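**Q** There's a structure below that I have some questions on.
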Amino acid sequence: MGEHPLTHEITDFKSILRTDSELNQIQDLDILLERILKVIREAVHADAGSIYVRETEEFEGERVDKLVIKYAQNDTQQKKLPPGQKLVYSLFSLPINKSTISGYCALTKQLVNVPDVYNLPPDAPYSFSTTYDQISKYKTTSTLAVPLVSTEGRLLGVTQIINAKDTAGNSIPFSPDDEFLVTHFAATVTVALERAYMTRAMILRMIRMAELRDPMETGTHVNRVSGFAVEIYDGWARRHNVSDIEQERYRDVLKIAAMLHDAGKVAIPDAILKKPNRFTAEERLIMQRHTVSGAGLFDDLQSPLDTISRDIALTHHENWDGTGYPGWIDPVTRQVLKADSQGNPLGKKGEEIPFPGRIVAIADVYDALSSHRVYKEPWTVDQVLSEIRSMRGVKFDPELTDIFFEVLPNIKQIQNLYPE
């Protein structure tokens with residue numbers, strides 16, 4: 001058997017401290033959770049792991065806390081997949097009680113280190129279900145569950161990492177040094193987590209305000225669209241050899257900005273916004289103004305988030321062939337910048353359309369066609385994909401359309417994560 005990797009030397013500890021600083025730059029909650037899981041696994045050479053968040057739901061008139069899986073990573077299983085495709089994991093929740101290792105960790109807010117889950121001590125207060133191992137055809141041996149607790153003592157979630165590896169690739173127990181390193185890291189990332197939770201809450205409050213006006217502008221819709229957008233961007237970044245640092249920075253901003261793509265709908269009259277059937281030509285023109293109104297919310301550009309949010313709000317209904325809207329118009333002054341012979345703004349086309357707007361155009365249409373609306377039932381999967389394929393080079397950027405189909409398994413996973 002190989003020796004345990006020397007992960008706890010001073011150089012590795014300094015690396016963890018640098019990572020703490022990097023994590024504090026991430027604004028989006030989902031991207032932060034995914035990165036936390038990856039960093040913890042790499043720090044102690046864990047082959048796999050999952051990250052859960054605490055959520056509360058109503059059950060028989062009472063509010064009940066539970067753990068909901070957000071991300072799963074598995075290096076062994078990932079190597080079996082085509083490049084760019086992500087691991088598809090089962091979506092499930094766990095009760096916060098003593099029945100499972102993660103549930104016990106959450107209940108007690110204490111680290112749990114199990115050398116072999118198939119040989120638990122007789123007096124262990126928790127159990128291990130082999131069902132997931134059987135489904136995934138992957139054998140869990142050692143596991144380390146770590147609570148993510150806020151500075152005020154509030155449980156945020158649990159990280160469970162699986163199968164520490166020695167230098168020969170054998171599964172070994174997690175060591176006391178692993179416990180120390182992971183516990184320190186979990187304690188320091190909670191500040192970043194709390195800030196990301198606050199950012200997400202602020203964005204969702206804005207979405208709920210829009211939802212009061214437009215029942216279709218829901219939290220699940222914007223989470224799906226923003227998730228789709230990030231998957232498409234990740235595929236593009238892989239094609240163009242974007243560095244990991246630049247990719248993470250951009251996807252973090254894109255995720256939040258995409259959630260605000262229809263923020264301008266708050267400026268549309270209820271009679272049009274809540275109309276239960278299709279618009280007249282005049283009503284459609286009024287509805288189209290939500291792009292300019294949304295972009296106008298970001299008139300004081302102070303960060304990349306402001307810029308990308310403005311670009312997405314303004315241009316996610318532009319078409320690759322120039323037939324979309326609102327076209328060449330200044331969202332602040334409402335002046336037409338490029339006009340046709342009748343004085344109407346010319347549509348932006350091709351790469352005149354900002355990159356993030358072209359991404360969200362595909363993500364938004366895919367979700368709209370796949371979802372129920374007051375005036376239509378959801379299209380079948382085949383109908384939706386056929387429509388998007390037919391719009392390649394017409395409505396959508398050809399390269400981004402191709403990438404959409406490449407990352408489709410990941411997109412379907414997000415649909416499952418945020419159902420109607």
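The values are calculated or read from the model by the stated rules, or taken from the named source; none is laboratory data. Quantities reported herein were computed from a predicted structural model and do not represent experimental measurements. Note that each Cβ is placed from the backbone with ideal geometry, even for glycine, and that neighbours are counted across all protein chains shown.
**Q** May I ask you to list the residues in the range 119-133 that are within 14 Å of Ser102 (Cα to Cα), touching a strand residue (DSSP E or B) at 6+ places or on another chain (Cβ under 9 Å) and at pLDDT 90 or above?
**A** Of everything in the range 119-133, those that are within 14 Å of Ser102 (Cα to Cα), touching a strand residue (DSSP E or B) at 6+ places or on another chain (Cβ under 9 Å) and at pLDDT 90 or above turn out to be Ala124, Tyr126, Ser127, Phe128.
**Q** Mind listing whichever residues of the range 264-282 are touching a residue at least 24 places away in the same chain (Cβ under 8 Å) and outside any helix (DSSP H, G or I)?
**A** Those that are touching a residue at least 24 places away in the same chain (Cβ under 8 Å) and outside any helix (DSSP H, G or I): Ile268, Lys274, Pro276, Asn277, Arg278.
**Q** Does the range 201-217 contain any residue that is touching a Leu at 6+ places or on another chain (Cβ under 6 Å) and modelled with pLDDT under 95?
**A** Yes, the range 201-217 contains a residue that is touching a Leu at 6+ places or on another chain (Cβ under 6 Å) and modelled with pLDDT under 95.
**Q** Still on this structure, I have one more. Taking into account only those residues within the range 62-92 that are in contact with a Lys or Arg (Cβ under 7 Å, 6 or more places away or on another chain) and closer than 27 Å to Asp178 by Cβ, which is surrounded by the most Cβ atoms within 10 Å (Cβ to Cβ)?
**A** Filtering the range 62-92 for residues that are in contact with a Lys or Arg (Cβ under 7 Å, 6 or more places away or on another chain) and closer than 27 Å to Asp178 by Cβ, the one surrounded by the most Cβ atoms within 10 Å (Cβ to Cβ) comes out as Leu67.
**Q** Can you find even one residue in the range 369-380 that is more than 19 Å from Trp236 (Cβ to Cβ), out of contact with any Lys or Arg (no Cβ under 8 Å at 6 or more places or on another chain) and of a type in the set (Phe, Trp, Tyr)? Reasoning before the result, please.
**A** Filtering the range 369-380 down to residues more than 19 Å from Trp236 (Cβ to Cβ) leaves 369-380.
Still in the list and also out of contact with any Lys or Arg (no Cβ under 8 Å at 6 or more places or on another chain): 369-374, 376-380.
Okay, now just the ones that are also of a type in the set (Phe, Trp, Tyr), so 379.
There is at least one residue in the range 369-380 that is more than 19 Å from Trp236 (Cβ to Cβ), out of contact with any Lys or Arg (no Cβ under 8 Å at 6 or more places or on another chain) and of a type in the set (Phe, Trp, Tyr).
**Q** Cβ-Cβ below 9 Å, separation at least six or inter-chain, first residue in the range 136-156 and over 19 Å from Asn113 (Cα atoms), second in a strand (DSSP E or B) and of a type in the set (Lys, Arg): which pairs?
**A** Arg154/Arg54; Leu156/Arg54
For (1) surrounded by fewer than 23 Cβ atoms within 10 Å (Cβ to Cβ); (2) in a helix (DSSP H, G or I); (3) touching a strand residue (DSSP E or B) at 6+ places or on another chain (Cβ under 7 Å), each residue gets a yes or a no:
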residue: Gly324; (1), (2), (3): yes, no, no
residue: Ser341; (1), (2), (3): yes, no, no
residue: Lys348; (1), (2), (3): no, no, no
residue: Pro356; (1), (2), (3): no, yes, no
residue: Ile359; (1), (2), (3): no, yes, no
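**Q** Okay, next question. Could you give every pair whose Cβ atoms fall below 8 Å, whose first residue belongs to the range 283-310 and is closer than 17 Å to Trp328 by Cβ, and whose second residue is at pLDDT 90 or above and aromatic (Phe, Trp, Tyr), counting only separations of at least 6 or pairs across chains?
**A** Close Cβ pairs (under 8 Å, with a partner that is at pLDDT 90 or above and aromatic (Phe, Trp, Tyr)) amount to Gln288/Tyr325; Thr291/Tyr325.
**Q** Of all residues in the range 361-385, count the ones that are loosely packed, with under 15 Cβ neighbours inside 10 Å and touching a residue at least 24 places away in the same chain (Cβ under 8 Å).
**A** 4
**Q** Looking for something farther than 13 Å from Ile36 by Cβ, surrounded by fewer than 16 Cβ atoms within 10 Å (Cβ to Cβ) and under 28 Å from the mean Cα position of the chain (by Cα) - is there at least one such residue anywhere in the range 153-172?
**A** yes
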